[in-house]
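Beneath this line is the structure, given in structure tokens, with notes to follow.
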């Protein structure tokens, strides 16, 4: 795929997604790491969540979406793609900012796994107290 494109980078947890929106051929198609989106994400609802920013602005069939995603798990990658797609759409048309902001697509989710602390079993779970 060559030509003009709009790029957005999205992040969530440990996942990073580079999303490119192409105009021209194969409109309405989403490809993630070289596979169709339905093939890459097999869990129910993940593909719907990814397509949400496009549906909100009514541009589902206006772009060919190419995604390179690395790191994290399924949920993190889904969130990263959603964030990157919203940013790329914003570059294509800055007028969409208020709609995207209202949908919450432009906000980077800051929640990440908390580190394990010394003396504890996990980040916050303490060893069981025994009196005797």
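Values quoted throughout were computed directly from the atomic coordinates according to the rules given, and no laboratory measurement underlies them. Remember, predicted model here, so these are calculated numbers, not experimental data. Cβ sites come from the backbone with ideal geometry, for glycine too, and all protein chains shown count toward neighbours.
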Query raised in the report: With contacts defined as alpha carbon pairs under 8 Å and 6 or more residues apart, what's the relative contact order of segment 66-132 in percent?
Result: 17 percent
Query raised in the report: So, by mean Cβ neighbours within 10 angstrom, what's the order for 88-101, 118-131 with the highest one leading?
Result: 88-101, 118-131
Requested in this report: Give the angle, between 0 and 90 degrees and rounded to the nearest 10, that separates the Cα long axis of helix 46-57 from the longest principal axis of the Cα atoms of the chain.
Outcome: 50 degrees
Requested in this report: Using only Cα atoms, tell me the angle between helix 74-92 and the longest principal axis of the chain; keep it within 0 to 90° and round to the nearest 10.
Outcome: 40 degrees
Requested in this report: Counting helices only, and only those DSSP H runs with n ≥ 4, report the 222 nm mean residue ellipticity of the chain as the sum of -39,500 (n - 2.57) divided by its residues, in deg cm²/dmol to the nearest 500.
Outcome: -9500 deg cm²/dmol
Report summary line: Percent antiparallel among DSSP beta bridges confined to the chain, nearest 5, equals 85 percent
Requested in this report: Please identify, among 43, 12, 20, the residue showing maximal mean-square fluctuation in a Gaussian network model of the chain using a 10 angstrom Cα cutoff.
Outcome: 43
**Report entry** segment 5-103, relative contact order in percent, only Cα pairs under 8 angstrom and at least six apart counted
**Finding:** 44 percent
